[in-house]
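Heads up, the thing below is written out as structure tokens.
The values are calculated or read from the model by the stated rules, or taken from the named source; none is laboratory data. Quantities reported herein were computed from a predicted structural model and do not represent experimental measurements. So basically every Cβ, Gly included, is an ideal-geometry build from the backbone, and we count neighbours across all protein chains shown.
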Amino acid sequence: MRGDQLARQWQLIQRLAKSRSGAALDDLAEELGCVRRTVYRDLDALMFAGFPVVSERREGRVYYRFLDTFRLGNVPFTPDEILALAFSEDLLRTLEGTVFHDSICSALRKIRAGLGPELTKYLAQLADSFRVLPGPHKSYAQYRDTIQTLNDAVLNRRTLHMCYRTGRTGSVATRDLDPYRVWYRSGGLYVVGLDHKSGEVRTFAVDRIRRLEISDDRFEVPESFDFDRYIGSSFGVIADQAVRVRILFEPRWATYVEERNWHESQTFKKNPGGKIELSMDVGSTPDLRSWILSFGSGAEVLEPEGLRAEVARELEDARARYESAS
């Protein structure tokens, strides 16, 4: 396993760095819990990565060590932890230009500054073996100040004066908001809080905020507010009352659907002919309807009847549009 190899090579690096007189091959194999051949391969990998490994024979045994000039550096992390941080840099690339992505980059720069050149090169080679590429997402570099203001307001429990553009109508209105959480979901960044205008807890897209100002008014998050419960029935970002949703997928989509975690309430049922039925307790929202439509004729809503009718109407409208254009 790749993880075992990383852990073993990391132990080998630390062992050689501590032993100025060298370590015998048999002793290394015993300490690392592997055979001599595996130690040979790991030593070759370290030398290829630029580590100054030298060997010398004494009393019929071969000892391995680093050159006296080699220093491991101040490294309080395991390679898995450093790679995890590098993964975070990739995962947060969707928020490039914001405090979230910039903070991870800053942390990694500080870590790399404490590494020796050999270890820096070695970890860079390992990182090249693992890549995380973000899917479709919004660009938030221009909203850096907005995000920082949101963070400050959430942490300090301060009410915000907000000018916001509604997604459906495009209308712009001002409102006061008690921000409870900043939330990243499905390639977008959102703020959840009490909207003074409606008197309800609502979700707002950060990129639709046109102006934001922290007020002097403070608020307390009600003890009754449970964020996990608030988003529990969401399929996407719109909160709505949960209903039982059943969707039947054609065989060509069965494996794709079954392999993924769409919602914590999901269950699957295999049907004759290779079809699969997905059941979830979620809000019947536009997010859910758009997701179902993305499968085209490969998905059929079994219930609720209202959602089935909405999806059928969308598909019929699409069919009519294609026919009128031909």
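How many residues are of a type outside the set (V, I, T), at pLDDT 95 or above and either closer than 16 Å to D281 by Cα or assigned to a strand (DSSP E or B) (or both) if we restrict to segment 232-257?
Within segment 232-257, residues that are of a type outside the set (V, I, T), at pLDDT 95 or above and either closer than 16 Å to D281 by Cα or assigned to a strand (DSSP E or B) (or both) number 4.
If you check S290 against the conditions, is it more than 23 Å from the chain's Cα centre (by Cα) and in the same structural domain as A309 (by TED's automatic domain parsing)? Please lay out each step first, then the result.
Details: more than 23 Å from the chain's Cα centre (by Cα): no; in the same structural domain as A309 (by TED's automatic domain parsing): yes.
No: the conditions fail for S290.
Given (1) modelled with pLDDT under 95; (2) surrounded by 16 or more Cβ atoms within 10 Å (Cβ to Cβ); (3) under 30 Å from E300 (Cβ atoms), identify the lone condition not met by V182.
Evaluating V182 over (1) modelled with pLDDT under 95; (2) surrounded by 16 or more Cβ atoms within 10 Å (Cβ to Cβ); (3) under 30 Å from E300 (Cβ atoms) leaves (3) as the failure.
Please specify each residue of segment 1-60 satisfying the condition of being assigned to a strand (DSSP E or B), surrounded by 13 or more Cβ atoms within 10 Å (Cβ to Cβ) and either of a type in the set (G, A, S) or assigned by TED's automatic domain parsing to the domain that holds K121 (or both). Show your work before the answer.
Here is the first cut: in segment 1-60, the ones assigned to a strand (DSSP E or B) are 23-24, 53-58.
Those left that are additionally surrounded by 13 or more Cβ atoms within 10 Å (Cβ to Cβ): 23-24, 53-54.
Across segment 1-60, the qualifying residues are A23, A24.
Just the residues that are surrounded by 15 or more Cβ atoms within 10 Å (Cβ to Cβ) and either free of Cβ contacts under 8 Å to residues at least 40 places away in the same chain or charged (D, E, K, R) (or both), please, taken from segment 209-256.
Y230, G232, D240, R246, E250, A254, listed by residue number.
Restricting the search to segment 282-326, which residues are in a strand (DSSP E or B) and farther than 17 Å from R260 by Cβ? Step through it out loud before you land on a result.
The first filter runs over segment 282-326 and keeps only residues in a strand (DSSP E or B), leaving 282-283, 299-303.
G283, E300, V301, L302, E303, listed by residue number.
Taking T174, is it at pLDDT below 90 and either touching a strand residue (DSSP E or B) at 6+ places or on another chain (Cβ under 9 Å) or over 16 Å from L95 (Cβ atoms) (or both)? Write out each step before concluding.
Values: at pLDDT below 90: no; either touching a strand residue (DSSP E or B) at 6+ places or on another chain (Cβ under 9 Å) or over 16 Å from L95 (Cβ atoms) (or both): yes.
For T174, the condition - at pLDDT below 90 and either touching a strand residue (DSSP E or B) at 6+ places or on another chain (Cβ under 9 Å) or over 16 Å from L95 (Cβ atoms) (or both) - is not met.
Please specify each residue of segment 187-203 satisfying the condition of being surrounded by fewer than 13 Cβ atoms within 10 Å (Cβ to Cβ) and in contact with a Leu (Cβ under 9 Å, 6 or more places away or on another chain). It would help to see each step written out before you state the result.
Taking segment 187-203 as the starting set, the residues that turn out to be surrounded by fewer than 13 Cβ atoms within 10 Å (Cβ to Cβ) are 187, 198-200.
Answer for segment 187-203, where residues must be surrounded by fewer than 13 Cβ atoms within 10 Å (Cβ to Cβ) and in contact with a Leu (Cβ under 9 Å, 6 or more places away or on another chain): just E200.
Of everything in segment 33-64, what is without any contact (Cβ under 8 Å) to a residue 60 or more places away in the chain and touching an Asp or Glu at 6+ places or on another chain (Cβ under 8 Å)? Give them in sequence order.
Applying the first criterion (without any contact (Cβ under 8 Å) to a residue 60 or more places away in the chain) to segment 33-64 yields 33-45, 47-48, 53-64.
Of everything in segment 33-64, those that are without any contact (Cβ under 8 Å) to a residue 60 or more places away in the chain and touching an Asp or Glu at 6+ places or on another chain (Cβ under 8 Å) turn out to be R36, R61, V62, Y63.
State all residues of segment 23-45 that are closer than 23 Å to K121 by Cα and over 36 Å from the mean Cα position of the chain (by Cα); if no residue qualifies, say none.
Matches in segment 23-45: Y40 only.
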